[in-house]
Amino acid sequence: MTKIVVFADKRVGFEICQYLSALNEDISRIYIKNSEQEYANKIKNKFQKSTDIFLSDDLKNESHLQELKKIKPDFMITVYWPYLLKPDIFNSSKNGCINFHPALLPLNRGWYPHVHNILDESDAGVTLHLIDENADTGPILFQKKIEVKPDDTAFSLYEELQNEIIQLFKDSWSQIKNGEIKPAVQDETISTYKKKSDINDYIDLNKKYTGKELINILRARSFGNKGFAYFKVKDKKIFLNLRLNQDGNFNY
């Protein structure tokens with residue numbers, strides 16, 4: 001069995017923990033962000049009898065960190081984990097720390113790649129890579145390019161990227177753990193990094209947009225029943241949500 005420490009968040013984190021458990025891998029510890037969140041709570045309920053579960057705040061405790069480093073797992077895995085691990089943590093893993101990123105690195109490092117795939121029409125995809133000291137810059141293990149469909153919204157693309165990265169891990173885990181893949185250094189000449197502040201949700205009613213530009217803004221900022229793009233009437237924000245499909249039937 002392979003000894004693993006997992007830092008898991010969201011649905012992807014829960015499903016990866018399930019997958020590793022089904023393979024009878026030795027999950028020494030699972031870290032979750034907050035036990036009150038839906039999938040963090042599911043992880044806690046499902047695995048607390050067989051695996052030590054800790055919260056992200058435990059990583060702020062120096063004595064806890066020392067205990068973690070003594071485990072010396074074969075791998076650490078960060079699955080949609082929202083925090084950077086310190087080098088002295090991920091370097092305590094024998095074979096490094098695998099990170100899940102829903103973008104075709106080195107494109108769209110950072111925040112909300114699914115939004116930028118629609119806004120700037122950058123190539124979409126998913127990547128498994130080893131982490132280093134910076135965000136999303138470590139050597140690449142496996143990637144898969146994903147097509148952005150004309151009726152995708154941020155939500156549908158986000159869901160597809162989650163599904164694809166789960167499958168990519170399942171397809172490649174055996175090769176990764178057996179050391180059958182040589183990590184590839186990222187090409188810095190084509191890298192892009194996105195901050196939260198790079199997204200502008202304001203639609204200026206006095207500005208000219210092409211139809212394509214406006215539709216892309218709206219679908220990039222429509223997330224299920226939520227709408228983030230808005231225009232203003234006097235001082236009041238009016239939010240918009242765009243729904244698209246290929247048959248013209250909408251169920252409300």
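Laboratory data are not the source of any read-out in this text; all were calculated from the coordinates shown. Remember, predicted model here, so these are calculated numbers, not experimental data. We place every Cβ from the backbone using ideal geometry, glycine too, and count neighbours over all the protein chains shown.
Selection of the range 157-187 for residues being assigned to a loop (DSSP other than H, G, I, E, B) and of a type in the set (V, I, T) yields I181, V185. Pairs are defined by a Cβ separation below 6 Å, a sequence spacing of at least 6 or placement on different chains, a first member in the range 17-42 that is among the acidic types (D, E), and a second member that is part of a strand (DSSP E or B); the pairs so defined are E25/I4; D26/K3.
Of all residues in the range 49-69, those satisfying the criterion of being farther than 13 Å from A8 by Cβ and in a loop (DSSP other than H, G, I, E, B) are K49, S50, N61. Closer than 15 Å to H101 by Cα and in contact with a helix residue (DSSP H, G or I) (Cβ under 9 Å, 6 or more places away or on another chain): is that true of T153 in this structure? Taking the combined requirement at face value, the residue does not satisfy it. Screening Y230, Y193, Y202 for residues that are under 28 Å from L141 (Cα atoms) and aromatic (F, W, Y) leaves exactly one candidate, Y193. Taking the criterion of being in contact with a Lys or Arg (Cβ under 6 Å, 6 or more places away or on another chain), over 22 Å from K70 (Cα atoms) and surrounded by fewer than 22 Cβ atoms within 10 Å (Cβ to Cβ), would at least one residue in the range 20-33 satisfy it? Scanning the range 20-33, I find no residue that is in contact with a Lys or Arg (Cβ under 6 Å, 6 or more places away or on another chain), over 22 Å from K70 (Cα atoms) and surrounded by fewer than 22 Cβ atoms within 10 Å (Cβ to Cβ), so the answer is no.
Return yes or no: is L59 buried (at least 16 other Cβ atoms within 10 Å of the Cβ), of a type in the set (A, V, I, L, M) and over 28 Å from N178 (Cα atoms)? Step through it out loud before you land on a result.
On the way: buried (at least 16 other Cβ atoms within 10 Å of the Cβ): yes; of a type in the set (A, V, I, L, M): yes; over 28 Å from N178 (Cα atoms): yes.
So L59 fits the description; yes.
Quick one: which of L128, L157 is in contact with a strand residue (DSSP E or B) (Cβ under 8 Å, 6 or more places away or on another chain), among the hydrophobic types (A, V, I, L, M, F, W, C) and more than 19 Å from T192 (Cα to Cα)?
On the way: L128 fails: more than 19 Å from T192 (Cα to Cα).
Exactly one residue qualifies, and that residue is L157.
When the range 1-32 is filtered for residues that are over 11 Å from V79 (Cβ atoms), of a type outside the set (S, T, N, Q) and either in a helix (DSSP H, G or I) or within 17 Å of the chain's Cα centre (by Cα) (or both), only A22 remains. Residues in the range 197-252 that are under 22 Å from D151 (Cα atoms), free of Cβ contacts under 8 Å to residues at least 24 places away in the same chain and in contact with a strand residue (DSSP E or B) (Cβ under 8 Å, 6 or more places away or on another chain): G227, F239, N241. Number of residues in the range 164-196 that are without any contact (Cβ under 8 Å) to a residue 12 or more places away in the chain and farther than 24 Å from Y80 by Cβ equals 4.
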